[in-house]
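See below for the structure under consideration.
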Amino acid sequence: MRNVLITGGAGFIGSHVVRLFVKKYPNYHIINLDALTYAGNLYNLEDLESASNYTFVKGDICDEVLVHEIFQKYEIDSVINLAAESHVDRSISDPFSFVKTNVFGTLNLLETAKNYWKEDFSKKLFYHVSTDEVYGSLSSEGFFTEATSYNPKSPYSASKASSDHFVRAFANTYGLPIVISNCSNNYGPNQFPEKLIPLCIHNICENKPIPVYGNGQNVRDWLYVEDHASAIDTIFHRGKVNETYNVGGISERTNIEIVEKLIEITDTLLEREKGVSKSLITYVTDRAGHDFRYAIDTSKIERDLNWKPSMSFDKGIEQTVRWYLENQTWLEKITDGSYKDYYKTFASKK
Ligand code: NAD
Ligand code: DAU
């Protein structure tokens, strides 16, 4: 029996992690703490509403009183921290909200866990989910390893790097048992449509312009979201305390390759003339300080934990497009704010 606090569980990756843990570990109690910002919604977890080992709490990871109450009430012994402001473009226009959630929020969770567990750190774990963006930007050569120096270049990655440093500082200073993973770009069902892949699919369907930043040659490494959830499960259970694991999809693509692939799949599934949506591609002003390339050396997690991605990019991306086409109502609900009414109904049932 474990009482696992998962933060940010109503978001894209968090919802897949919550689902995996609730279904795979019926003897664990999963407590999902999420503020339900614009990026989080309970439609992502409708299928879990009646699960007896699952509890949702609406709230902010920065709220000291609430987080302390949760630790006491549910006797939390492990944390998986996914709550974050996660969109680079928003961090450029509003860096303060990123520092608030990503830095202060993480610090509040660390401080609460340390104080609540301080009599006995055995069988406790603070797992912090982070990003490859903390390492900065690569040229066309090389990979990020766990030993790569931090060199964050956007307000988002600076806030995530700061939170990683606090997590390690709590391990070093107080002996808090921690583990960190740094992952590459995720794609798949339930991603908020401001990120490249769901935005493109949506715009292709609606015959709207597809904004490609700069010359479209920036490179990202793509991992199917369920593979990330399985990596988190593996690291949570078998990762070595105080270690860092890089997680990646071994699927590097330029942005324009991604856009063209999405056009090919979506046009085919919508039975449109082959390639007709290419005319929607619109090159726009580049993102300020746009990182050129991210790529992950995954040898440590493969060697030490025997984990590697199971989904090929070609299969995962087609499955993803199909999901968005079959779940248009999900998109309408999460973007029109009706999930707030849904939360009231759901909360009153519990
Ligand atoms: P997301 O934006 O889809 O979801 C974030 C969730 O956190 C939302 O449900 C939101 O409501 C919640 N949240 C935000 N602020 C909160 C607060 N103050 N208190 C409580 N909850 C709050 O993000 P995501 O893409 O699912 O990313 C999840 C985590 O994984 C983040 O820490 C992110 O940095 C990291 N990550 C993401 C990717 C990616 O490609 N998306 C890759 C590597 C790492
Ligand atoms: O690498 C992991 C990171 O991946 C995570 O930590 C972040 O939370 C996640 O948002 C993601 O960051 P990116 O900035 O790489 O993702 P995004 O989908 O915003 O952009 C992917 C690439 O596509 C990037 O090079 C910018 C470009 N882009 C993005 C958008 C939204 C466009 O060309 N046009 C767009 O409209």
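The values are calculated or read from the model by the stated rules, or taken from the named source; none is laboratory data. Just so you know, these numbers come straight off a predicted model, no measurement behind them. Cβ atoms come from the backbone with ideal geometry, glycine included; neighbour counts cover every protein chain shown. Remember, those area values only see protein heavy atoms, side chains included, never the ligands or the DNA or RNA. Shrake-Rupley method; radii C 1.70, N 1.55, O 1.52, S 1.80 Å.
Annotation for GLU49 and THR145: the two label points, set 7 Å from Cα along the Cα-Cβ direction, are 5.0 nm apart. Electrostatic tally near ASP233: other residues with Cβ closer than 12 Å to its Cβ, Lys and Arg +1, Asp and Glu -1, net +2. Given +1 at the Cβ of Lys and Arg, -1 at the Cβ of Asp and Glu and no other charges, the dipole of the chain around its Cα centre is 520 debye to the nearest 20.
Beta-bridge orientation, the chain: approximately 10 percent antiparallel, per DSSP, counting only bridges with both partners inside. The apolar share of the surface of segment 104-190, taken as the fraction of accessible area on carbon and sulfur atoms (1.4 Å probe, ligands and nucleic acids excluded), comes to 52 percent. Distance from the Cα centroid of segment 113-130 to that of segment 192-267 is 31 Å (rounded to whole angstrom).
Counting Lys and Arg as +1 and Asp and Glu as -1 over every other residue whose Cβ lies under 12 Å from the Cβ of MET311, the net charge comes to -2. Volume per residue for the chain equals 130 cubic angstrom (convex hull of Cα atoms).
Computed from the Cα positions only, the extents of segment 64-131 along the three principal axes stand at 42, 24, 16 Å, in decreasing order. Hey, could you get me the Stokes-Einstein D for segment 124-171, Kirkwood radius over alpha-carbon pairs, 20 °C and 1.002 mPa s, rounded to whole µm² s⁻¹? Rounded to a whole number, D works out at 185 µm²/s. Dipole of the chain (Lys/Arg Cβ +1, Asp/Glu Cβ -1, origin at the Cα centre): which of ASN242, THR145, ILE70 lies farthest to the positive side? Going by the Cα projections, it comes out as ILE70. A Förster distance of 45 Å, applied to the separation of the beta-carbon atoms of THR282 and LYS123, puts the FRET efficiency at 0.25. Put +1 on the Cβ of each Lys and Arg and -1 on the Cβ of each Asp and Glu in the chain; which of ASN172, VAL284, GLY14 then has its Cα farthest toward the positive end of the dipole? The listed residue farthest towards the positive side: ASN172.
Within segment 12-98, the GluC sites (Glu not before Pro) that combine a DSSP coil assignment with at most 14 other C-beta atoms in a 10 angstrom radius are GLU49, GLU75. Could I get the Rg over Rh figure for segment 1-98? Both from C-alpha atoms, Rh via Kirkwood, rounded to two places. On the Cα set of segment 1-98, Rg over Rh gives 0.98.
With a cut-off of 14 Å between beta carbons, the residues surrounding ASP60 carry a summed charge of -3, where Lys and Arg count +1 and Asp and Glu -1.
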